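Read through the structure below, which is laid out as structure tokens, and then see the notes.
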Protein chains: 2
Amino acid sequence: MNKKYTCRVTQTRWLDDDEMAAWRTFLTVSHLLDRHIEEHLKAAAGLTHAQYEILVRLSETPGRSMRMTELARGVIASKSALTYQITQLERSGLVERTACPSDERGVVAVLTDEGMRCLERIAPGHLEVVRRFLIDNLTREELETMTHALRKAERAMRPHG
Amino acid sequence: MNKKYTCRVTQTRWLDDDEMAAWRTFLTVSHLLDRHIEEHLKAAAGLTHAQYEILVRLSETPGRSMRMTELARGVIASKSALTYQITQLERSGLVERTACPSDERGVVAVLTDEGMRCLERIAPGHLEVVRRFLIDNLTREELETMTHALRKAERAMRPHG
DNA sequence: GGATAGTCGTTCAGTTTTGAACAACTATAG
DNA sequence: CTATAGTTGTTCAAAACTGAACGACTATCC
């Protein structure tokens, strides 16, 4: 690799070994973890991880409902991806679309009773996967350090904190 | 039925607040980060993050080449996803397919000179994104703790790694 | 009041991923 | 050698995602 010629204005700051290791490990773990989760959810309930996250978000809300845009921001999906997934979940009877009273344009997604039961049924198995492959491998101190560190990264990425 | 994920014996162990916070933060950051990276690479070179990762892996190999299956494992992609992406990269002239001398079934993907130049051109900008949104937000200690912790998780997920 | 800009959710075409099926080849065991 | 089992990479249809464009509505300003 030739570091001699770099951009004239902003100097290139490469990642040193430790930084590179951190980034690579983070990337690898997030990919592997997602694969295991996806596999489990598909087998357990025929759900996507994206769909599962939608159900979780809704279940935590008073009224088990959320505006489309806010929900999309919550699960970090594009608006069109959410439209697609809500349609799928509606087809499965886990979610319903409702008109928004305060905004004529708005759509409110609501978790149905069946959706809530589905979530309660599969959550334990899902969390077991998260435990086995991530959480249970970390000491309490590592856990807290990681949370604190990643929260700083999150703040750097969210549209103004 | 899938025996792998159904366990009637062990009691459900929910995640406590700290564990849940860790998991949520990890998930959020990996989604946000991927979005920023994807956006940058698309703008800078019309590449996907998946495609970029393929180029990086190949560039680090003696001969800048790798068997398809090994490459798929390296970037954590399915075999069919890799087939598709290598075809795209071949179309762009960044990668070539070669016959494997030792295995008649095998295909070896090779990074072309143009592919290497492309990578060298866009790597600084990419790493700058990784820095700004992840690495530079962490202290050296946090960085090392996170790497160590996530490596344990990786070991738990790799097919007996 | 009316013009203008902004937001909301959907649609659409094009891209990427998925998992099962498959032909071709290799490895193992008798 | 000859089954038999396993691996390799591709293909295919279906699922999922992307980003731009859009009509519909709201907010803001003068």
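The values are calculated or read from the model by the stated rules, or taken from the named source; none is laboratory data. Computed from a prediction, not measured in an experiment: that's the story for all the values here. Glycine also receives a Cβ, built like all others from the backbone with ideal geometry; neighbour counts cover every protein chain displayed. Note: areas computed on protein heavy atoms with side chains; ligands, DNA, RNA excluded. Shrake-Rupley method; radii C 1.70, N 1.55, O 1.52, S 1.80 Å.
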Under the condition of being hydrophobic (A, V, I, L, M, F, W, C) and without any contact (Cβ under 8 Å) to a residue 40 or more places away in the chain, which residue from region A:32-55 is farthest from the other protein chains (Cβ to nearest Cβ)?
A:A50
Within region B:73-84, which residues are open to solvent by 50 Å² or more (accessible area, probe 1.4 Å) and more than 10 Å from DNA strand C (Cβ to nearest atom)?
B:R73
Conditions (1) under 25 Å from A:L134 (Cα atoms); (2) within 13 Å of chain A (Cβ to nearest Cβ); number of the one not met by B:L71
(2)
Given the structure, is B:L55 among the aliphatic types (A, V, I, L, M), modelled with pLDDT under 95 and at negative phi?
no
So which residues in region B:85-97 are surrounded by 13 or more Cβ atoms within 10 Å (Cβ to Cβ) and either more than 19 Å from the chain's Cα centre (by Cα) or within 9 Å of DNA strand D (Cβ to nearest atom) (or both)?
B:I86, B:E90, B:S92, B:E96, B:R97
Which residues, taken from region A:118-157, are among the charged types (D, E, K, R) and more than 7 Å from chain B (Cβ to nearest Cβ)?
A:E120, A:R121, A:E128, A:D136, A:R140, A:E141, A:R155
For region A:32-72, which positions are open to solvent by 50 Å² or more (accessible area, probe 1.4 Å) and under 21 Å from B:A153 (Cα atoms)?
A:D34, A:R35, A:E38, A:E39
